[in-house]
């Protein structure tokens, strides 16, 4: 491990900054402006009667405003809250001067209501190995924000991931385009959803492995016609998620930004007889072999985007 | 049994640019340079060309190529899909066009700056548009399987498990190719042979594939002129007669990811090509003098040996260990150095080498005058040719 990564990882589990308390309590004027800007027309955020009719004690704040209350003041050209985090400054000092927010996710414990005073406490959750990305080499730093009310009770939580990178100025134009393709612009590659396969990917997002079945024959990848009978009719059945490794590979190159390498990828023959590709998780690449029993799990790679993955059983 | 396609058409000319990592000029220019060289080789005027055939992956439209070479009336143009699986199929298209009288002189071409302008090996994450072809990638790319090497390695791993072939057996393919390339001034790896230890020490790309199991990435172009055998006999070069030409896709065929068929370590599409080629030509495996077997990744040279019946199932490893792929062996393979040693021009340079073996002009000439086999990409819908002298 490099000195930089070692130093950065000393921050994991520690507070990234001192807690920030909102300058203003939750209030209707800010809610109204935010809803107008976002195009959110839900009346419970601005109309007391509508909020009561919906079972609330009165107007509530949109949950997605969670971070708004404690955001740093707007100062054109000034530093943002992330800039002043010591863990991120380590990267700046080492030449990783670029920063880009890659993804964020929020969860909510309760609705905020006018008068609530929110405090945000930020912890460093993880620092990735060095990754090669379209923008340049860099490290992903994941921060966890905990939001509490005046009674110090948690009201919500947010993960926020940034990439600190060395701007890749010397890369030829042609290569640049290609590596942007390869790294997918920091969002995890997504499957194409068609009329034929939507059920499969919806199933995955609902933590189910679903397959088409005609006369008891399962098939994958999804396709409109059963090749034996020629039927366009099919049932959808849920796999038990258990199977054995039929074959596998261990990826070393090329690398996508949000995977850990060496990366085992397995072809699993499920108990129902159908095969599927997914990553093998919580296992060292050298422990993988053909014939091993595995069981499916589902990994949230981005909010609202799940993928199946297997564990050794 | 022979077919009406057999022996009707012949390859009368071959041409190529230099093979490099950075051509410094456009793919279109590479295409017309190679085509001009192939026509010169044949002794055919540019104006005589009335057919063109290439890959769907080629970036040089037939009409622009035709405009460049001063063509007048283009009567036949067709493209073949599925990447390197196409390789021999444009020649098959040309032979069919000639056999049916649709065209008289068809030029097949492939020109690419695959190393300097884009690279197949750096990962493919296509935009998720709702088409069948795009949705295919959704079952692999989100899990980090983003390159041809990653897709085909799955079958290679299973092949090792079933056959007992080892990484060193794959390495022997690479060593033989580099040995052949070392004699070939046109090869990128001219005078650069490797040892089995070099292969074993080369970095992992996707286990079980080392770097030296993977073909090169190259800039360059190859063109092949096809005309009637009768006309070819009157031209500058001895004709390489197309005794057989075939395409194949088989059960539950996928694009490099045929993971769902009963056996994933076999190549039923290549077995289909083999059966058709031998039937058309009236030949058996033992009749073949030398072969260009598509070598994007070394394990698939072993499985092709089995597809064509050069060795029984799961025994290619023994054939390879005995040195049979090298000059002096039972079936010298990829005598130009293959795509591992010469260049990766999507298999088209392998067709040129087969023509040279028929003419007797290869830098690694295999004695005798028997027929020569050429194959196209594996793991994909594929194609093949058997070429022979007059």
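No value in this document is a laboratory result; all are computed from the given coordinates. Computed from a predicted model, the values in this text were never measured in an experiment. With ideal geometry, Cβ positions are generated from the backbone for all residues, glycine too; neighbour counts draw on all protein chains shown.
Couple of notes before you dig in:
- Taking the Cα atoms of the protein assembly as shown, the ratio Rg/Rh between the radius of gyration and the Kirkwood radius comes to 1.06.
- Chain A: C-alpha gyration tensor shape, a/c 1.5 cut-off, then a/b vs b/c: oblate
- With the cut-off at under 18 Å, measuring from each backbone N in the stretch B:323-344 to a point 7 Å along the Cα-to-Cβ line of residue B:20 picks out B:342-344.
- In terms of its C-alpha gyration tensor, the stretch A:176-312 comes out oblate, because a/c is 1.5 or above while a/b does not outweigh b/c.
- In percent, rounded to a whole number, the relative contact order of chain B is 26, using alpha-carbon pairs under 8 Å and six or more apart.
- Exposure proxy shown here: for A:124, B:363, the number of other Cβ atoms within 10 Å sets the order, fewest to most, as B:363, A:124.
- In chain B, the longest principal axis of the Cα atoms and the axis of helix B:348-359 are about 70 degrees apart.
- Here the residues A:144, A:266, ranked from fewest to most Cβ neighbours within 10 Å of their Cβ, fall in the order A:144, A:266.
- For the stretch A:227-249 and the stretch A:253-270, distance of Cα centres in Å: 22 Å
- Nearest-0.05 FRET efficiency for residue B:263 and residue A:196, computed from C-beta distance (R0 30 Å): 0.70
- Using the Cβ-Cβ distance between residue A:48 and residue B:131 with R0 = 51 Å, the FRET efficiency computed as 1/(1 + (r/R0)^6) comes to roughly 0.55.
- Counting only DSSP H runs of at least 4 residues, each contributing -39500 (n - 2.57), and dividing by the residue count of chain A, the helix-based mean residue ellipticity at 222 nm comes to -4500 deg cm²/dmol.
- Gaussian network model of chain B, springs between alpha carbon atoms under 10 Å - residue of B:166, B:303, B:36 with greatest fluctuation: B:166
- For the residues A:127, A:162, A:237, a GNM of chain A with alpha-carbon springs under 10 Å puts the largest fluctuation on A:237.
- By the count of neighbouring beta-carbon atoms within 10 Å, fewest first, B:137, B:190 end up ordered B:190, B:137.
- Rounded tilt (10° steps) of A:173-183 against the dominant C-alpha axis of chain A: 80 degrees
- Of all the options B:356, B:284, B:178, the one that moves most in a Gaussian network model of chain B with Cα springs shorter than 10 angstrom is B:284.
- Degrees between helix B:148-163 axis and first principal axis of chain B (Cα, 0 to 90, nearest 10): 60 degrees
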